[in-house]
């Protein structure tokens, strides 16, 4: 398909400098991608040499990101994520997030965290710094119940849920 035909159907990702609207859109696009649990698709939102800190793991480049995410989602079953815009300026966005998942032994976990993102001029993420804490929860404490995949638009946000 030619670029002209594709460009009518697929808008380019928001790029900096961000506005409140484009920063929130960027956060939701990231949430949707991560909820797909498709490491290769997720990696395409990052620069080829993107640098990450995820907890105590340091990664560089898409190949390392794909391998990391594939291993992560092989262990984190029933993964469901909500991200929320915290702040933005220029080419940087800060988000807070929570995700729920079931570990290999069946224990439910809610992971809470914050991410700092920096983007290149084309709107790809060049840096991602994530701090994350895990809390074991009972199945009855779960709050994220939509079918695997994209969170429905009418599902409560983190703030709505009091998280």
Can you grab the distance from the C-alpha centre of the range 122-163 to the C-alpha centre of the range 5-77, Å, no decimals?
15 Å
Could you state the orientation-averaged shadow area of the convex hull built on the Cα atoms of the chain, in nm² to one decimal?
10.3 nm²
Provide the FRET efficiency to the nearest 0.05 for the residue 105-residue 47 pair, computing r from the beta carbons and using R0 = 41 Å.
0.65
Roughly how many nanometres apart are two label points built 7 Å out from the Cα toward the Cβ at residue 55 and residue 68?
1.2 nm
Degrees, to the nearest 10: 62-75 long Cα axis against longest axis of the chain
20 degrees
By the Cα gyration tensor axes a ≥ b ≥ c (a/c under 1.5 gives rounded; else a/b larger than b/c gives prolate, otherwise oblate), the shape of the range 53-129 is oblate
Structure-based [θ]222 nm, the chain - -39500 (n - 2.57) summed over DSSP H runs of at least 4, per residue, nearest 500:
-8500 deg cm²/dmol
Under a 10 Å cutoff between Cα atoms, tell me which one of 68, 144, 97 has the largest fluctuation in the Gaussian network model of the chain.
68
Tell me, what is the FRET efficiency for residue 15 and residue 134 to the nearest 0.05, using R0 = 25 angstrom and their Cβ-Cβ distance as r?
0.15
Placing each pseudo-label 7 Å from Cα in the direction of the beta carbon, residue 121 and residue 78 end up separated by a distance in nanometres of 4.8 nm
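Values quoted throughout were computed directly from the atomic coordinates according to the rules given, and no laboratory measurement underlies them. Note that the structure is predicted; figures quoted are calculated from it, not measured. Virtual Cβ from ideal backbone geometry, glycine too; neighbours counted across all protein chains shown.
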